[in-house]
Every structure is written in C-alpha cells, then in structure tokens.
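Take a look at the structure below.
The values are calculated or read from the model by the stated rules, or taken from the named source; none is laboratory data. Because the structure is a prediction, the values reported are computed rather than measured. Note that each Cβ is placed from the backbone with ideal geometry, even for glycine, and that neighbours are counted across all protein chains shown.
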Amino acid sequence: MCSVFGYIGKNNCRSYVMEGLQKLEYRGYDSAGFACLDSDDKRLYFSKAKGRLKNLATLLKEKPMDGHIGIGHTRWSVYGKPSQKNAHPHFDCEKRISIVHNGIIENYHSLKEQLTQAGHIFHSETDTETIAHLFESLLVSHKTLKAAVVDLVNQLEGAYAFLCINQDYPDCMIMVRKRSPLCIGIGDDEIFVASDPLAFINQTKKVLFLPDESFAIVKKDLIELYEFSGKPLTPDVQELSIEWQDNQKNEHQHYMLKEIYEQKNVIHATVDFLHAMTDQIWDHLSLTLEQVRKLDKIHLVGCGTSWHAARIAQFYFETICMIPTRVHLASEFRYMPFFPDEDSLYVYISQSGETADTLEALRLVNSMNLPTITVTNVPSSTMVREAGGFLLTQAGQEIAVASTKAFSTQLSALYWLAHRIALEKRIIDSVQMEQAEQDLLVAAEVLENTIENYKRDICQTHAPFYTQFDRVIFLGRHLSYPLAMEAALKLKEISYIFSQCYPAGELKHGPLALVDEKTPVFIFSHSEPLIYQKIVSNAHETKARGGHVVAFAFEGQHELIDLADLSFVVPKVKTLLGPLAMIGIIQFFTYQIAKNLDCPIDKPRNLAKSVTVE
Ligand code: M6R
C-alpha cells in the first residue's frame, strides 16, 4: 500500500526522505512524490512522478529542492489511476498546505462536494486532496492549529495515516493516525516519521508508535500528542532492538528467487528458535496452562498466502492435537455472525503483521477479551503489538511481493505449535515432539533438493514451453487442495497467466468443461493411498478429454507419473508435511515461467507487498 515518510530537524530532509521511501517502496510503487519547505524562503516546493521511486529521484536531480522539513510518499492507487496528477503530495487551493497519506477517506465524496460548492478547486481524483482543502477551510474558521486539526480528524471517516506540512507553520509537522500504521523516530534535534520504523531505524531506535486515533504536532525537539478529542496524551517512547537488514539480491536476478533458495535455512532457524523457547512458550503467547489444556476450538485467520497456510494448518491442528479448527478469510470474518467462545484460540497469520483486514479481525476479537495470538515475520509490526501473544517465524525480511519463505516458515511454525499443544494436552510425548522438529528439517531438505533436481530441465525446457498457455487449471484434494490454491496464486500474480484452482473432486461438477489441449491441468498429489487414488482418477478424467496434465507427485506414485505429460516427483515425507516439501518446486517452476515471460517478478503490476487498506 502507500507509504509515508517525513523529516523535521537540524539537517536537510531530502536524502532522509528518499532513503526512507526506498526502504518502504515494496508497499506501493505506482507513483511517488516529495515536498519540502525551503530553508531560506520557507516556501513550499514539490515534485511528483508516475511510476517507481527512481523516476522521482531523477526529477529531483534535474530540479533540486531541500529544506529542514519535508514529506514523501510512494503510492498504491485506490481512488484515481496511477498518474503524476494523482501522485502525492496533494495541496489546498493556495498550495500552502501539503499532505501525504496512506489509507482511505471513506466520506471523501460528500466532503469534496461540500468543498467544491464552497469554491475549492480540486486537481486530482484522490480522496487525499480532500484533506488538504478541508484543512485549509478549517484553519480559517479556527483560532489555533490544534483546534483546526481536532475538527479535521473528527470529520474524516475511514482508516488513515497522514503527514502535513504548512507554509504558514514552517517549524512544525502534523501527523495523524487512525487504524493505519504510523510511528515517530526521535533523534537529536530531529524527528523522523514513517509508516514502518524500519524506514528510519538506521537513524534512531527511539520510537513512538502513535496510538490509534491520535495526532501529533511536532517540532524538531518537541512532540505534542493528542487524542482525537484534543485531550493531551503522554508519549510512550520505546527503544527498539530491530535492525535494517541491507538485503541485496546477491547473485540472483530477483528477490523472489533469492527468497525461494533461503527456505531451507529459514525453516531451520524457525525450528531452532521455537525449540529454544519451548519451556516459556505459553508465557510468551500470554496463555495459561489451564487455557491450553482446555482449548477446544481454534480459529485461524489470514489473507492470500497466509490464508493458504491457515488452510493447510487446519489439518495440523485437527490431526495432531485433535482440536476442531475453523479457517477464516480475514476480509470476510468481520462481517460474519460471531459466536464468542471462551475456550477458543484465535490465531492471526500474516507475513507483514500489517494487513488491514487481518488486523481489523484481530481487533474485533481483542475487543471481546478472547485469547488472540499472531504468527508473523515482523517483530515491529502492529499485530505483534496488539495481539495477546505472538510467535515469530524466522524468515527474515521478505521483499518480493510473491510470498515464498514466509509461507514455508508459517507452515513450520504452525506444525510446531500443533505439536506443542498436543504435548501440553498429553496427546503426544516429548519424543514425538522432537521427532516433529526433525521431520520439519527433513521436509526443508526435500524442498531444496527437489528444486536442485529439476532446476536444469525447468530452466531449459519446461518453463519456456509453458509460457504459451493463457490459462491453467489447478487441482488438489484434502491437504493438497490449499497447496494447489497457493500454486495458482503464485502463477497468476507473477506471470499474469489466468490460474483457476478447484478441489479435484469438483472437476466433474463443472470445471471439466474447460479442459482442452490449450488448458493444462496442474494436479497436486497426496501421499495417503486413498486420496492418491482419487487424484489418479481425476488425472484419467482429464486425459480422457484430451487434457494436458502436469503432476506434482510423490516418489512411487507411478500411475500418476506415467499418465502425466510432465511430472515433478518429490521424495515422501511425513504426510502432513507434503505441502512443505512440495512448495519449493512449485515456486521455482512458476518463477521460471514468469521470468521467461519477462514479467516484473518482484513488483507485479497492481500489487503491493503490504496491504494496509481494507
Ligand atoms: O502480510 P500478509 O501475510 O498478511 O499478506 C497477505 C497477502 O496479502 C499476501 O500473502 C499476498 O497474497 C501475497 N502477494 C501472495 O504471494
């Protein structure tokens, strides 16, 4: 989604803003902009560019500008298409006020109508511009800056974080947060502000996370923090121990490939990390032993790839610790009837820990005082701060939009957690717990070796061949159905090939009509003989209609392998870890197809890494 960055202090702002935006560019990259108040004449200068941040950097080189106070933005469009006109910052009529914004102003339409009738002239299609014009009019009707901000924030509906600089108040910046992340970094006579602390963590580790529904009026050496009502708040400044990892692609052409190859190591790291904390795990998750022993339902909530991890983990919790488990798409969860249940555990799965739908679903359950935990990759994320407890995967920063190592470490952490609950409930013993950890390491080994086995053939033959198809059907059963969904998501988001996934048993209830020689069917096998046999039948049904089958099979599954036009064969692992063992070859194959199509793999069109609007 969009990211915002601001600086006010003793130094010039531009280099900080551009460096911060570069670290946050994974959040949105369809346009970028910068505004500052010139140190000498105190007037507002700005520059905006369509496309990636590097376009803005070029513009700023051609027409340099700088000052002690400045704001910047990278955009992921919601209202208004990607264009220079819609790029942030946005302004009031006089171009004295400048705003950068992440989120959505839901009532912007009616506000814009009122403001237009009052004579304000709009220059963009965005909701953000409304904030600037509304603020302009409120500054006229209120005596103080603070009173105008209070009125402003109480008129805006939605979820948003925005920064504002104003030529008439050249020594201060306004920062507002409602249900969208925003944090302030406190330096020595300088203040940084960003959507994510990682953007300024090289400059300062003293961080104030703005409380929800609060705003700050900030000078280089002073922070005034207020509730939306105007009541002052005491800033709660924390010392963070996170570091910015200077993540290079090294020898790889794309981050996605690098991240695919990191999986074996990060699964190891995740298992080691969890193993080391096994004795303190319930304290860490803010759960009592009694709560764990009484657990009789688990709810798993997530979006996209994290939702697929949840769908697979459902089998873990139901099979290993025999707890009925429901999986929810976060975007639907909030709008469904809710039945509070004290002996339930709500688990929120999110790579970023910032996904707006998942966060709102977490807040809903938190408000009912039910136990919540998050499984995430980002220790400084909002979900870590807001969930009752958290379990960190050890994937390290994931940069490519397509999630790979986050998925495999989520599966590992959830598999481990299912065993740890089973141990607490005395369903398994400590020997079985240790075996589970070993099994995860074996699956990680298989994941990597399988890529190695097929690497050459995929690069030279298979990937170029499959670029000719415009659409692909994906089929799986039981555990391999969510795996097939994840495979379909990978292919569609990075190659733009239309990929449709079905539970294999549904084939003859409709999708079979789509099967022809131009529509390959990717079938994902299962190591249980009963389920495998049904999958073989689905492959026969496809072949009998002239279909082209690509099988992802386990060793020894000869009937399926012989039937397929192409097969990838994976050594057998523990049945429940089949998806983990198989995911590497799927990611690698889809990556190579997209690469052959010359797609911008790490930053696919229309997408962003962290989806911070609902
Ligand atoms: O950060 P999260 O795990 O909450 O993100 C959820 C989805 O937005 C994410 O998994 C998305 O589907 C990926 N692009 C998939 O590769």
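Somewhere in the range 308-322, is a residue in a strand (DSSP E or B) and of a type in the set (A, V, I, L, M, F, W, C)?
no
Does Thr305 qualify as being polar (S, T, N, Q) and within 16 Å of the ligand (Cβ to nearest atom)?
The answer is yes for Thr305.
Can you tell me which of (1) at pLDDT 95 or above; (2) within 26 Å of Ala539 (Cβ to Cβ); (3) buried (at least 20 other Cβ atoms within 10 Å of the Cβ) is the one Thr467 doesn't meet?
With (1) at pLDDT 95 or above; (2) within 26 Å of Ala539 (Cβ to Cβ); (3) buried (at least 20 other Cβ atoms within 10 Å of the Cβ) applied to Thr467, the lone miss is (3).
Identify, from the list Leu370, Leu364, the residue that is free of Cβ contacts under 8 Å to residues at least 40 places away in the same chain, in a loop (DSSP other than H, G, I, E, B) and either farther than 22 Å from Asn265 by Cβ or not assigned by TED's automatic domain parsing to the domain that holds Asp212 (or both).
Leu370
Can you tell me which residue among Asp66, Asp30, Asp92 is under 19 Å from Val176 (Cβ atoms) and either in the same structural domain as Glu190 (by TED's automatic domain parsing) or of a type in the set (S, T, N, Q) (or both)?
Step by step, each of Asp66, Asp30, Asp92 is checked, and only Asp92 is under 19 Å from Val176 (Cβ atoms) and either in the same structural domain as Glu190 (by TED's automatic domain parsing) or of a type in the set (S, T, N, Q) (or both).
Tell me whether the range 132-151 contains one or more residues that are touching a residue at least 12 places away in the same chain (Cβ under 8 Å) and within 28 Å of the chain's Cα centre (by Cα).
Among the residues of the range 132-151, not one is touching a residue at least 12 places away in the same chain (Cβ under 8 Å) and within 28 Å of the chain's Cα centre (by Cα), which makes the answer no.
Just the residues that are near the ligand (Cβ under 9 Å from one of its atoms) and either at pLDDT 95 or above or aromatic (Phe, Trp, Tyr) (or both), please, taken from the range 368-379.
Within the range 368-379, just Thr376 meets the criteria.
Mind checking which residues of the range 479-517 are surrounded by fewer than 21 Cβ atoms within 10 Å (Cβ to Cβ) and out of contact with any strand residue (DSSP E or B) (no Cβ under 8 Å at 6 or more places or on another chain)?
Selection gives Tyr496, Gly505, Glu506, Lys508, His509, Gly510, Leu512, Ala513, Asp516, Glu517.
Looking at Val327, Val365 in this structure, which one is away from the ligand (no atom under 13 Å from the Cβ), closer than 17 Å to Asp212 by Cβ and hydrophobic (A, V, I, L, M, F, W, C)?
Val365
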